[in-house]
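*Asks:* Quick one: the structure is below, and I'll ask about it shortly.
The values are calculated or read from the model by the stated rules, or taken from the named source; none is laboratory data. If you're wondering where the values come from, they're calculated on a predicted model, not measured in any experiment. A quick note on method: Cβ atoms are made from the backbone with ideal geometry, for glycine too, and the neighbour counts reach across all protein chains shown.
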Amino acid sequence: MRAMVLNAPHTPLQLEEVATPKPNEGQILIKVKTCALCRTDLHIVDGELSPPHFPLILGHQIVGTVIEKDKKGKFKIGQRIGVPWLGKTCGHCSFCLSHRENLCEVAQFTGYHLNGGFAEYCVADERFCFDLPETYSDEQVAPLLCGGLIGFRAFRMTGNAKKLGFYGFGSSAHILLQIAKFQKREVYAFTRMGDKAAQDLAKMLGAVWAGSSDEAPPTLLDAVLIFAPVGELVPLALKAINKGGSVICAGIHMSDIPSFPYRLIYGERILRSVANLTREDGEEFFKIAAKIPIHTHVTTYPFEEVNKALTDLREGKITGSAVIKIFTTPS
Ligand SMILES: [Zn+2]
Ligand SMILES: [Zn+2]
């Protein structure tokens, strides 16, 4: 099969002919249709995260069809499924046993420990794959698999907060804004300085305010989600929230957080991070996604142009989500 392979950090992915993987017990073989790009992929290419081995096939927002499975498997041959970041957990550590499998001591992640979806085929443990709402196209649904559902885990940590700030208005934020609007909450969108395209998208999707991240919002917020991997945003976000509010860092990597005066977090303000997802997060998220429905704003790239997509993401040129098209023919 053809795969875009990362052989070392700080190098472009290489288009290579590699062996098609064979499914082991409990795994399915998937013909990949689309795979959305995530900032985590960029962190791996840029050496900010260190996966356990190279060569590695990135991509953890995989949409494809099942072409081989166990007799007992829950999916059908030909069924469209989604593969997320959480690829495998142990099922018996203290985290797995307390509904926190996202924190499993030996969790394996798709496109990190396990080969991912920037390839024509991949295998996955079927217990961690999701059935996808039929109303979404292959391109539209792919960004929901990480930007949507890990974002949703972060979003739920805002509780009943009415006024929400999103710092970094990319794939996750533009999906969650639509859920926030559905739930009649107000979103204040903070973008890179002068990123008019992202601000326009935020307003078009219903943000009550959009501006640059160095601007103060017109009102104090109840909670802020930080999607951009920029530590300097943490003190800014703490300044933007009211007493009792939360700042939730939703990314897997962030540059160092500068020191800040205690008064910024005093008043029972909360600062926390979000790590990975549980299967429960995914199931709940897709229930809501089937109901709303969410319109993902997608830029597609052909399979051979994953590197171009990564560069565009690094340079802030993507508005919404980037999706790689692998097989475009019907399954
Ligand atoms: Zn991701
Ligand atoms: Zn575990």
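*Asks:* For the condition within 16 Å of ligand 1 (Cβ to nearest atom) and closer than 30 Å to Leu238 by Cβ, what is the one hit in Phe166, Phe130, Phe95, Phe152?
*Replies:* On the way: Phe166 fails: within 16 Å of ligand 1 (Cβ to nearest atom); Phe130 fails: closer than 30 Å to Leu238 by Cβ; Phe95 fails: within 16 Å of ligand 1 (Cβ to nearest atom).
None of the others qualify; the one that does is Phe152.
*Asks:* Please verify whether Thr328 is part of a loop (DSSP other than H, G, I, E, B) and under 15 Å from the mean Cα position of the chain (by Cα), treating the condition exactly as stated. Before the answer, list the steps.
*Replies:* Values: part of a loop (DSSP other than H, G, I, E, B): yes; under 15 Å from the mean Cα position of the chain (by Cα): no.
No.
*Asks:* Still on this structure: Among the listed residues Val32, Val106, Val83, identify the single one that is within 14 Å of ligand 1 (Cβ to nearest atom) and not charged (D, E, K, R).
*Replies:* The conditions single out Val83.
*Asks:* Across the range 67-105, what is the number of residues that are in a loop (DSSP other than H, G, I, E, B), of a type outside the set (D, E, K, R) and within 24 Å of Cys146 (Cβ to Cβ)?
*Replies:* Of the residues in the range 67-105, the ones in a loop (DSSP other than H, G, I, E, B) are 69-79, 84-85, 89-95, 99-100, 104-105.
Keeping just the survivors that are of a type outside the set (D, E, K, R) gives 73, 75, 77-79, 84-85, 89-95, 99, 104.
Next cut, within 24 Å of Cys146 (Cβ to Cβ) only: 73, 75, 79, 84-85, 89-91, 93, 95, 99, 104.
The total comes to 12.
Residues are listed down the side, and each one gets a yes or a no for (1) crowded, with 22+ Cβ neighbours inside 10 Å; (2) over 16 Å from His253 (Cα atoms):
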residue	(1), (2)
Thr20	no, yes
Asn24	no, yes
Ile30	yes, yes
Ala36	yes, yes
Asp41	yes, no
Glu48	no, no
Phe54	no, yes
Ile57	yes, yes
Gln61	yes, yes
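*Asks:* Let me ask you something else. Does any residue in the range 168-183 that is without any contact (Cβ under 8 Å) to a residue 40 or more places away in the chain come within less than 8 Å, Cβ to Cβ, of a residue that is outside any loop (DSSP other than H, G, I, E, B) and of a type in the set (Asp, Glu) six or more places away or on a different chain, and which pairs are these?
*Replies:* Ala180/Glu186
*Asks:* Additional query: Scan the range 169-189 for residues that are within 20 Å of Asp281 (Cβ to Cβ) and in a loop (DSSP other than H, G, I, E, B) and jot them down.
*Replies:* Passing the criteria: Gly170, Gln183, Arg185.
*Asks:* Kindly indicate the residue of the range 106-147 that is aliphatic (A, V, I, L, M) and not in a helix (DSSP H, G or I) and also surrounded by the fewest Cβ atoms within 10 Å (Cβ to Cβ) among those meeting that condition. I'd like the intermediate steps shown before the answer.
*Replies:* In the first step, residues of the range 106-147 are kept if they are aliphatic (A, V, I, L, M); the result is 106-107, 114, 119, 123-124, 132, 141-142, 144-145.
Then drop every residue that is not not in a helix (DSSP H, G or I), which leaves 106-107, 114, 119, 123-124, 132.
Numbers: Val106: 12, Ala107: 21, Leu114: 21, Ala119: 25, Val123: 19, Ala124: 28, Leu132: 21.
The qualifying residue surrounded by the fewest Cβ atoms within 10 Å (Cβ to Cβ) is Val106.
*Asks:* Show the residue pairs that are 6+ apart or on different chains and have beta-carbon atoms under 9 Å apart, the first residue being within the range 86-109 and under 19 Å from Thr40 (Cβ atoms), the second being within 10 Å of ligand 2 (Cβ to nearest atom) and among the aromatic types (Phe, Trp, Tyr).
*Replies:* Thr89/Phe95; Glu101/Phe95; Asn102/Phe95; Leu103/Phe95; Cys104/Phe95; Ala107/Phe95
*Asks:* Is one or more of the residues making up the range 32-41 within 22 Å of Arg80 (Cβ to Cβ) and either over 20 Å from the mean Cα position of the chain (by Cα) or basic (Lys, Arg) (or both)?
*Replies:* Yes, some residue in the range 32-41 is within 22 Å of Arg80 (Cβ to Cβ) and either over 20 Å from the mean Cα position of the chain (by Cα) or basic (Lys, Arg) (or both).
*Asks:* Another question, if that's okay. Just to be sure I understand, how many residues within the range 93-105 are within 6 Å of ligand 2 (Cβ to nearest atom) and surrounded by fewer than 15 Cβ atoms within 10 Å (Cβ to Cβ)?
*Replies:* Qualifying residue count, the range 93-105: 1.
*Asks:* Which residues, counting only those in the range 83-107, are touching an Asp or Glu at 6+ places or on another chain (Cβ under 6 Å) and either modelled with pLDDT under 95 or closer than 27 Å to Cys35 by Cα (or both)? Spell out the reasoning first.
*Replies:* If we filter the range 83-107 for residues that are touching an Asp or Glu at 6+ places or on another chain (Cβ under 6 Å), which is where we start, we get 88-89, 93.
Lys88, Thr89 - these are the residues of the range 83-107 that are touching an Asp or Glu at 6+ places or on another chain (Cβ under 6 Å) and either modelled with pLDDT under 95 or closer than 27 Å to Cys35 by Cα (or both).
*Asks:* Please note which strands (runs of 3 or more DSSP E) are completely contained in the range 190-274 and include at least 1 residues that are more than 19 Å from Thr319 (Cβ to Cβ) and more than 16 Å from ligand 2 (Cβ to nearest atom).
*Replies:* Values: elements: 209-212, 221-226, 241-249, 270-273.
Because the criterion is at least 1 residues that are more than 19 Å from Thr319 (Cβ to Cβ) and more than 16 Å from ligand 2 (Cβ to nearest atom), the strands (runs of 3 or more DSSP E) in the range 190-274 that meet it are 221-226, 241-249, 270-273.
*Asks:* Right, something else. Do we have Gly64 as more than 14 Å from the chain's Cα centre (by Cα), modelled with pLDDT of 95 or more, away from ligand 1 (no atom under 14 Å from the Cβ) and assigned to a strand (DSSP E or B) here?
*Replies:* Details: more than 14 Å from the chain's Cα centre (by Cα): yes; modelled with pLDDT of 95 or more: yes; away from ligand 1 (no atom under 14 Å from the Cβ): yes; assigned to a strand (DSSP E or B): yes.
So Gly64 fits the description; yes.
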